[in-house]
Amino acid sequence: MGIDFSFAGYQAGGHVLPFVPAMIFVRPSGGDDTALLQSAVDHVASLPVGANGFRGAVLLRPGRFHVTGQICLLASGVVLRGSGSGVNGTVIVAEGLGRRTLIQVGGDAAPTLGALLQITDDTVEAGSRKVHLA
């Protein structure tokens, strides 16, 4: 049994997941699916960014996807989405013995920083979730 990340990110913070339409649907091939998945991700990455900030989703149909390499999501606005968990859901299996990042998100470029903002609060208590900015 693998680790269930289905509640990581948006849902862990109590946010509703945005609806991102699937632009391509992928079924497991029964063999090494690395190139198949990367091709689908690259296709969606080539699409223009929509008004909602997304290019679209790659929808993985139910089944086991076997990956001997690495899947790279380098463009923003691309969603990799499965079809549920459990016996009838989507599973991505990292094949082989080598250790690696199975799904790399983001490129090698350093993030760019915006303008500095001043915190106007005199104190911010430990565990606070909000600060006031100038």
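The values are calculated or read from the model by the stated rules, or taken from the named source; none is laboratory data. Predicted model only: the values in this text are computed from it and were never measured. Backbone-built Cβ (ideal geometry, glycine too); neighbour counts: all protein chains shown. SASA here: full protein model, heavy atoms, side chains in, ligands and nucleic acids out. Shrake-Rupley method; radii C 1.70, N 1.55, O 1.52, S 1.80 Å.
So which residues in segment 48-65 are open to solvent by less than 50 Å² (accessible area, probe 1.4 Å) and outside any loop (DSSP other than H, G, I, E, B), if there are any at all?
Residues satisfying the conditions are GLY56, ALA57, VAL58, LEU59, LEU60, GLY63, PHE65.
Determine which member of the set THR120, THR68 is over 23 Å from PHE19 (Cβ atoms), open to solvent by 60 Å² or more (accessible area, probe 1.4 Å) and modelled with pLDDT under 95.
When all the criteria are applied, what remains is THR120.
Across segment 101-117, which residue is nearest to the chain's Cα centre (by Cα) among those that are surrounded by fewer than 11 Cβ atoms within 10 Å (Cβ to Cβ) and in contact (Cβ under 8 Å) with a residue 12 or more places away in the chain?
The extreme case among them is THR101.
Here's a check for you: in segment 15-47, which residue that is assigned to a strand (DSSP E or B), of a type outside the set (Phe, Trp, Tyr) and touching a Leu at 6+ places or on another chain (Cβ under 8 Å) is most open to solvent (accessible area, probe 1.4 Å)?
MET23
Looking at the structure I just gave you, is LEU97 open to solvent by 80 Å² or more (accessible area, probe 1.4 Å), assigned to a loop (DSSP other than H, G, I, E, B) and under 30 Å from VAL58 (Cβ atoms)? Working first, answer last.
Details: open to solvent by 80 Å² or more (accessible area, probe 1.4 Å): yes; assigned to a loop (DSSP other than H, G, I, E, B): yes; under 30 Å from VAL58 (Cβ atoms): yes.
Considered against the rule, which asks whether it is open to solvent by 80 Å² or more (accessible area, probe 1.4 Å), assigned to a loop (DSSP other than H, G, I, E, B) and under 30 Å from VAL58 (Cβ atoms), LEU97 comes out as yes.
Tell me which residues, restricted to segment 71-94, are open to solvent by less than 60 Å² (accessible area, probe 1.4 Å) and either on the phi > 0 side of the Ramachandran plot or assigned to a loop (DSSP other than H, G, I, E, B) (or both).
Selection gives ALA75, GLY77, GLY82, SER83, GLY84, GLY86, GLY89.
If only one of GLY127, GLY107, GLY77, GLY96 is under 21 Å from GLY30 (Cβ atoms) and at pLDDT below 95, which one is it?
Every option except GLY96 fails the conditions.
Residue by residue, here is whether (1) among the charged types (D, E, K, R); (2) out of contact with any Asp or Glu (no Cβ under 9 Å at 6 or more places or on another chain) holds:
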| position | (1), (2) |
| --- | --- |
| ARG61 | yes, yes |
| PHE65 | no, no |
| THR68 | no, no |
| ARG81 | yes, yes |
| GLY84 | no, yes |
| ASN88 | no, yes |
| THR101 | no, yes |
